[in-house]
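What follows draws every value from the coordinates through simple rules; no lab data is involved. Here the structure is a predicted model, which means the values were calculated and not measured. Using ideal geometry, Cβ is built from the backbone for each residue, glycine included, and neighbour counts are taken over all protein chains shown.
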Amino acid sequence: MKPILVFVEITAGAPRRASLEALGAARATGAETVAVFCGDASAAAACNGAQKAIALGGDSSSPDALASALADAVKNNDCGGFIAAATSAGRDLAPRVAAHLDAVLFSDCTGLEASGDQLTARRPWLAGKVIADLVSSADVFCATTRLNIFTPSEDTGPDSCDAAAITAEPKARVTSLEAKTSARLDVQEAPVVISGGRGLGDKEQFKLLEDLSTAFGNAAVGASRAVVDAGWRPHSEQVGQTGKTVSPQLYFAVGISGAIQHLAGMRTSAVIVAINKDAEAPIFKVADYGIVGDALEILPVLTKAIQAVKAEA
Ligand SMILES: Cc1cc2nc3c(=O)[nH]c(=O)nc-3n(C[C@H](O)[C@H](O)[C@H](O)COP(=O)(O)OP(=O)(O)OC[C@H]3O[C@@H](n4cnc5c(N)ncnc54)[C@H](O)[C@@H]3O)c2cc1C
């Protein structure tokens, strides 16, 4: 099988967890795995599972110029696949790379398998109602991997690193960047996501979710669209078809009815806990554990219980 090139996002000098998962997905197919990233070559050794690494020099702020360099790297290394994690950057870059390569893109994959030289992508369709297996007849197989699904490789990255440059003239250039500071984890990165819906009653009650999230220590607060539309929470927290797709180890749906558009963003979570006062709410159909009752009474009790467990540990 031809090598697979994986775009690795580097934060504070190290690969993001989502990129390590994408590397793990590529490596598990048995193909030679090539990590490509922007910046200093020293990050190569941390690209677990990669047998080869390429550091791209030059201005990486323009996605169109970066995509052109990634497509060149695919061609120059005779790769049969290109993979990026389905992060905001990956979702932006991967379709551009696929267009350069005249390939199709399988986005947000939850499975990747090799059979001989053929790669097959598995991904949820129709808001997760069906699971599709897809193969590509293009020369290069392009995919993005859903976060928190694939396991990073236990092998370290390569000792050496090749260099390449971003040379294309960007069509758009970033002139300034302002980073938002938030003490809370992003819903797509956190292993535990605690989402609230209209059933919480008002904006202030989200404090109960924040308290539970603090008790866990590794949790993010999410929201249904109804809540975001009402202006109770920012869009960056919205889970669902028109929000973010999450796949944490543990997902809480609190006061959320379970509309299909919400399920589309969270039904691949490993364990789902639903809290709803309506025993017939559709969310219970996808929940592994359900609590029927008033969330405003249940949440403080749950928070105390988690605090007690953490204190014992
Ligand atoms: C094109 C399109 C895209 C969409 N995209 C998204 C999306 O990305 N994400 C998304 O979430 N939605 C999305 N929606 C909206 C979706 O259809 C639902 O309207 C929305 O998810 C409902 O939000 P909710 O569950 O918070 O509110 P509701 O449907 O009003 O449900 C509230 C729930 O809270 C329960 N409840 C009430 N009080 C309490 C209490 N005290 N304790 C416990 N439970 C209580 C109720 O029993 C009910 O089940 C989209 C819709 C469309 C048409």
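Among DSSP bridges having both ends in segment 4-165, what percentage is antiparallel? Round to the nearest 5.
Once the DSSP bridges in segment 4-165 are tallied, antiparallel ones form about 30 percent.
With a cut-off of 20 Å, note down the residues of segment 119-157 whose backbone N falls inside the zone around a label point 7 Å from the Cα of Lys75 toward its beta carbon.
Residues 137-143 qualify, since their backbone N sits under 20 Å from the label point.
Just Ser153, Ser236, Ser182 to compare: in a GNM of the chain, with alpha carbon springs under 10 Å, which one fluctuates most?
Judging by the Gaussian network model, the answer is Ser182.
Given an 8 Å cut-off on Cα distances and at least 6 residues of separation, report the relative contact order of segment 200-313 as a percent.
24 percent
Rounding to the nearest 10 and keeping the result within 0 to 90°, find how far the Cα-based axis of helix 17-28 lies from the longest principal axis of the chain.
Here the helix axis deviates by roughly 60 degrees.
Of the listed pairs Lys129/Lys207; Lys207/Lys277; Lys129/Lys203; Lys129/Lys277; Lys203/Lys277; Lys52/Lys129, which have alpha-carbon separations greater than 27 Å here?
Lys129/Lys207; Lys129/Lys203; Lys52/Lys129
Modelled label-to-label distance, Ala270 and Ala179, 7 Å Cα→beta-carbon offset: nm?
2.8 nm
Once you keep just the Cα pairs under 8 angstrom separated by 6 or more residues, what percentage relative contact order results for the chain?
Numbers: 720 pairs, mean separation 48.9, N = 313.
Once normalised by length, the contact order is 16 percent.
Of the peptides 61-69, 33-41, 127-135, 77-85, how do they stack up when ordered by the mean number of other Cβ atoms within 10 Å, highest first? Each step should come with its number before you reach the end.
Working: 61-69: 19.8, 33-41: 21.8, 127-135: 12.9, 77-85: 23.3.
So the peptides 61-69, 33-41, 127-135, 77-85, ranked by packing, come out 77-85, 33-41, 61-69, 127-135.
What is the calculated FRET efficiency for Asp117 to Arg17, with r their C-beta to C-beta distance and R₀ = 35 Å, to the nearest 0.05?
Given R0 = 35 Å and the Cβ-Cβ separation, E is 0.75.
Starting from the Cα of Lys171, step 7 Å toward the Cβ, then list every residue of segment 95-110 with an amide N under 14 Å from that point.
Backbone N within reach: 95-101.
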